[in-house]
Amino acid sequence: MGIEETDSIRDVKYMEVRAIIGFDGSTPRGLIIHPNGKHVLYPIGNKISIQEWATKQQTFLSGHTNIISAMDVSRSGKYVASGQINHIGFKACVIIWDFKKRTILSQHELHKVRVEAVMFSFDDHFLVSLGGRDCGSVVVWDIKNSGALCGGQVSRGIQGTVTSLITMNRRGACYVTGGENHLAIWHINEEARSTHCVDVNMLKIKRTVVCMDADDRDEVCYCGTRTGDILKIRLNFHHDIEILAPIKTPALIGCYGRISKNPKKLPAGTVEMYGQGVTAIKRLSTGPLIVGAGDGTVELVEEVKYERKNTYATNLGLRVPTIPALKVKLSTSVKSSVNAIQMMGENTILVSTTNCEIFNIDRNTFQAHLVVTCHTSTIHHVSFPYNFSEVFATASKNDVRLWSAITMQELLRIRVKNFSCSNVVFAKDGKSILTSWNDGVIRAFTPLTGRLIYEIFNAHNKGVSALSMTKHGQLLVSGGCEGQVRLWKILPQSQSLECTLKEHKGPVSAIHLNHTDTEAVSASTDGSCIIWDIIRYCRRQILFANTLFMCAKYFPTSVQILTGGSDRKISYWEVLDGTLVRELDASRSGAINAVDISPDGDTFVSGGNDQIVKLWKYQEGITTHVGIGHSGVITAACFSPDGKSIVTTDASGSVFIWKFPPELKKSKQPEIPQIVMQPKVEEVQVNQKDKGVPEDIKDLPSTDRKVVSEHGEHGSCCPCTCYCQNPVKADGDSKQK
């Protein structure tokens with residue numbers, strides 16, 4: 001992605017990323033601990049985050065053009081490899097990085113559409129990459145000579161898609177591939193520049209292999225299957241590591257399930273297996289296995305030795321080839337599918353899930369603690385409290401989350417299942433968080449515990465799409481997907497509809513109030529922006545353009561309005577007479593979805609479908625800095641009240657915190673008195689020990705309706721009751737109390 005030629009400034013610089021809140025849980029083996037034991041690597045969209053685990057400092061590897069689908073770290077720690085997804089018909093890139101310099105060493109585009117897995121040989125001589133369903137090939141890359149050595153087709157005959165790959169621990173030129181009805185051992189002939197495979201004798205058992213791990217001596221390999229059992233394979237390598245090909249055909253030793261604690265409850269002839277399959281497996285050096293399942297189960301199991309006569313299912317009275325041979329020693333649950341298991345030291349286990357969460361599990365007690373979390377779907381809105389820059393909130397599907405802008409940890413999670421939040425707004429006094437939802441309900445919560453204060457049912461018939469609140473907190477302005485703008489009077493004992501303004505013909509995409517709380521501008525996808533007088537409940541001006549307006553913002557002094565939309569332009573409008581003052585070509589390839597102006601009015605930020613964050617000088621109308629790194633459409637952007645940071649969000653669920661360029665700061669800025677939000681940030685960080693501290697919420701009574709609210713210190717969650725179905729009350733046009 002490049003910078004537009006139409007930019008009127010020659011030297012456009014790059015903004016520095018201070019932190020990224022995000023984790024892509026869809027990548028298999030997407031969590032890797034560096035051999036130095038200090039850094040943790042995981043993908044965020046098209047970037048790889050390298051995080052120093054103790055200090056939480058992040059650096060990023062940038063070079064991919066699409067979502068990263070596979071990654072690995074060499075045994076020596078010198079190299080990092082990653083593969084990506086691409087559009088159908090295009091090649092997918094594999095990149096080898098220098099870990100110390102954070103630079104690209106080499107790359108190739110030999111796979112089609114998708115890279116399923118990449119893995120280094122134990123001696124850092126080869127990199128083996130596996131293509132997806134549209135490719136079906138394996139490529140061996142010579143790292144020292146920076147070139148492709150050999151390759152070949154993976155699946156044959158009735159074998160299906162191959163998705164898993166591991167390299168051997170003593171033989172650098174050997175590796176194993178697994179997939180649908182496929183399990184094969186490969187060895188590389190470097191002189192002949194070829195690779196050959198031997199299929200494992202599966203004894204007529206058909207399984208889909210999801211994950212694999214081998215012992216340190218390359219004698220046996222454990223394979224987790226989608227069925228929920230574990231295959232044990234004898235590799236049959238020669239004791240001489242120079243002999244690469246197996247001396248005998250590799251064979252299946254056994255197909256193992258769990259030993260049930262209550263065998264009488266199982267149907268006759270069946271074995272207890274892992275729900276939704278075994279998705280991650282890790283063999284410890286001492287022998288036991290750590291198994292992660294699709295239902296969120298994480299267990300430490302030990303293989304029980306059976307006599308040879310009992311290894312057949314018929315002798316055990318079983319109707320399936322799986323035998324109960326795994327004794328569960330310790331068990332826990334992470335509530336979503338496990339995709340990676342890593343050991344940090346001897347007593348710490350890190351587990352990542354498809355729900356974009358990372359858990360820390362103590363090996364001795366097997367208690368799980370949530371340490372990293374993020375949104376799993378599109379983030380629709382981001383906002384800061386009034387004159388308070390240490391906390392910000394994001395709105396997404398199913399939940400609203402509060403984050404610390406200092407530690408980047410989740411402070412509070414408010415969940416309303418099966419609904420999507422379009423906007424989140426802080427009351428000026430800090431006593432409530434107002435949210436709008438696609439079920440047509442406006443909900444207010446307390447900022448400390450996420451307790452529901454009140455609900456406005458049927459606020460809009462087709463869902464609430466925009467929301468804003470006055471500084472005195474007694475007037476709420478909302479916009480709906482049916483095109484109406486409604487004004488609500490908020491009192492301690494009631495919330496009533498004051499006025500309905502019906503002029504838009506399409507959904508209202510944004511609402512913003514001026515600094516005196518006398519006017520509100522509403523942007524709509526019908527090609528119009530309307531300036532409303534919220535004192536007299538009438539229209540003042542209307543702005544027309546050949547675009548779908550996506551965002552609108554008042555200048556801090558409320559003399560002009562900035563708008564952006566599908567015409568890829570940013571427009572300046574005069575508030576007094578509604579005339580168009582200036583148009584800027586903000587993008588060449590996509591709509592502008594988000595615009596925000598700095599508190600001093602000198603700069604503004606924009607973002608849109610081109611996935612580029614741009615920082616502009618307001619008066620000159622030129623781009624000074626760009627931020628590149630988003631892997632999805634940019635959906636929201638916001639300056640911190642102190643003007644030192646810029647927060648942007650995207651459709652992939654990532655939150656980027658950018659440093660405001662120091663060269664754009666004024667040499668002498670008057671200090672703005674900070675109005676401390678109530679509760680203070682120390683109170684917002686919910687601690688389980690402080691449950692007895694009462695909230696300072698005296699003005700607004702709470703209802704008894706239940707909403708799931710999850711909160712905890714450093715992102716830990718504690719589940720509460722679910723949102724109950726309340727009967728729909730009177731229509732939104734009537735007053736509600």
Could you work out the Kirkwood radius for the range 36-88, taking every pair of different alpha carbons, averaging 1/r and inverting it, reported in Å? 11.8 Å
For the range 166-225, report the convex hull volume of the alpha-carbon atoms normalised per residue, in Å³, without decimals. 81 Å³
Checked against a 19 Å limit on the C-alpha separation, the offending pairs among K38/K101; K462/K502; K614/K659; K264/K327; K47/K417; K248/K282 are K47/K417; K248/K282
In whole Hz and in residue order, list the ³J(HN,Hα) couplings for the range 546-553 that follow from phi through the Karplus curve 6.51 cos²θ - 1.76 cosθ + 1.60, θ = phi - 60°; x for Gly and Pro. 8, 7, 9, 5, 10, 8, 8, 9
Distance between the C-alpha centers of the range 103-122 and the range 221-272? Whole Å please. 29 Å
Taking K and R as +1 and D and E as -1, what net charge do the other residues with C-beta under 12 Å from the C-beta of L289 add up to? +1
In whole Hz, what ³J(HN,Hα) sequence does the range 595-606 give by Karplus (6.51, -1.76, 1.60; θ = phi - 60°), x for Gly and Pro? 9, 8, 10, 5, x, 8, x, 7, 9, 9, 10, 9
Mind grabbing the accessible area of L105 for me, 1.4 Å probe, Å², rounded to tens? 90 Å²
Carbon plus sulfur fraction of accessible area for the chain, probe 1.4 Å, in percent: 49 percent
Could you tell me which residue out of A591, P507, T373 lies farthest along the dipole of the chain toward its positive end? Charges go on the beta carbon: Lys and Arg +1, Asp and Glu -1, centred on the Cα centre. T373
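Show K617, K112 ordered by accessible area, largest first, where the area counts protein heavy atoms only and the probe is 1.4 Å.
K112, K617
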Which residues qualify? For I253, with a placed amide H closer than 5 Å and at least 5 residues away or on another chain, they are K232, I233, R234
Using a 1.4 angstrom probe on the protein heavy atoms only, could you order T446, T163 from most to least accessible area? T163, T446
Tell me, how many Å apart are the Cα centres for the range 411-453 and for the range 173-205? 54 Å
Accessible area (Å², 1.4 Å probe, nearest 10) - S654: 10 Å²
Quick one: compute a quarter of the convex hull surface over the Cα atoms of the chain and quote it in nm². 35.2 nm²
Of all DSSP beta bridges in the chain, what percent run antiparallel (nearest 5)? 95 percent
Given T353, G45, I535, which one lies farthest toward the positive end of the charge dipole of the chain, if we put +1 on the Cβ of every Lys and Arg and -1 on the Cβ of every Asp and Glu? T353
Note down the accessible area of W616, probe 1.4 Å, to the nearest 10 Å². 10 Å²
Please get the size of the charge dipole for the chain, origin at its Cα centre, with Cβ charges of +1 on Lys and Arg and -1 on Asp and Glu, quoted in debye to the nearest 20. 1780 debye
HN-Hα couplings for the range 444-450 via Karplus (6.51, -1.76, 1.60; θ = phi - 60°), in whole Hz with x for Gly/Pro, come out as 10, 10, 7, x, 8, 10, x
Near the amide H of L411, under 5 Å away, which other amide H atoms are found, from residues 5 or more places off or on another chain, if H is placed in the peptide plane? L402, W403, S404
Positive end of the dipole of the chain, charges at C-beta (+1 Lys, Arg; -1 Asp, Glu), about the Cα centre: which of G601, S137, F388 has its Cα farthest in that direction? S137
Would you list M71, M469 from the most to the least accessible area, probe 1.4 Å? M469, M71
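The values are calculated or read from the model by the stated rules, or taken from the named source; none is laboratory data. All values reported here derive from a predicted model rather than from experimental measurement. Heads up, the Cβs are rebuilt from the backbone with ideal geometry, glycines too, and the neighbour counts pull from every protein chain shown. Each accessible area value is taken on the protein alone, full model and side chains, heavy atoms only, with ligands, DNA and RNA left out. Shrake-Rupley method; radii C 1.70, N 1.55, O 1.52, S 1.80 Å.
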